[in-house]
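> Have a look at the structure that comes next, please.
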């Protein structure tokens, strides 16, 4: 069974405002990615969660979610919510902090006003799934501009230096060089003939071995074809035609081939509606699509509790 705190955390992924009747409301404000050129730091899209103590109207959002997830009546779920709010105020009056796991901490300030400090370890912005903050490392230049410029000038100077030739020495050595070249030519011809003989002998043996290996390779390929022919798994699922359906996203990837492998893997695990969808420059892989938000939340809870993955909901 899930607790009230877990219910609030789950609903914050899919709702911008989650009201806890009698206590207040958690309001989510989305922030885009930021680049700090001074600190050389890149931060991913995120959400700032604030707490509004004045927004306490009674609604059935948490009660309905608790009743459905824990398979209990709405009356019992409402009683659990009332007890949770009562315990929170009891701790606050004793000047104690109320720690809400993965959400933040509630406490009274010196003027008895409710103060909320967000837990930044959880990012409730679905657009940041798979991303993380980072600081790019600067490229260290091993040489200064002056040193590089001096090397280029030296190379250019050496390139333009004229070459002098001793013509008399060239004529004296010409006869000896001809004899040496003729000797090297004869030696090279003998080596080539020897290599040709060895090549012919080895080629004859290799051809015979290739004939034997070809028969074995054909048998292996035939077995692989039979395995692939018996695999009735769909290679892809058409993405939903209904634009306002709710998708449970398993992950997003740069390469379509890798995303396709994840789709097939999910289908083998029983998620027959699994499919891939290109959004921008990345490929999103979904467990499936569902007509209502409540059904999507229920399926996501089953996925998490069964240990098959985490996922998040995208409308």
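> With Rg and the Kirkwood Rh both taken from Cα atoms, where does Rg over Rh land for region 246-314?
Result for region 246-314 is an Rg/Rh of 0.95.
> In whole percent, what relative contact order does region 246-314 give with Cα contacts below 8 Å and a gap of six or more residues?
Numbers: 114 pairs, mean separation 29.3, N = 69.
Relative contact order of region 246-314: 42 percent.
> How far apart, in nanometres, would the label points at residue 149 and residue 281 be if each is projected 7 angstrom from Cα along the Cα-to-Cβ direction?
Simple spin-label model gives 3.6 nm for this pair.
> Please state the relative contact order of region 4-128 as a whole percent: Cα pairs under 8 Å, 6+ residues apart?
Details: 188 pairs, mean separation 30.5, N = 125.
That works out to 24 percent.
> In terms of the Cα gyration tensor, with a ≥ b ≥ c the square roots of its eigenvalues, is region 4-128 rounded because a/c is under 1.5, prolate because a/b exceeds b/c, or oblate?
Working: a/c = 2.56, a/b = 1.46, b/c = 1.76.
Oblate, since a/c reaches 1.5 and b/c is not below a/b.
> Take 26, 51 and order them by how many other Cβ atoms sit within 10 Å, fewest up front.
Starting with the residue having the fewest Cβ neighbours, the order is 51, 26.
Where a number appears in this text, it was derived from the coordinates with a stated rule and is not lab data. The model shown is predicted, which means the values in this text are computed figures rather than measured ones. Using ideal geometry, Cβ is built from the backbone for each residue, glycine included, and neighbour counts are taken over all protein chains shown.
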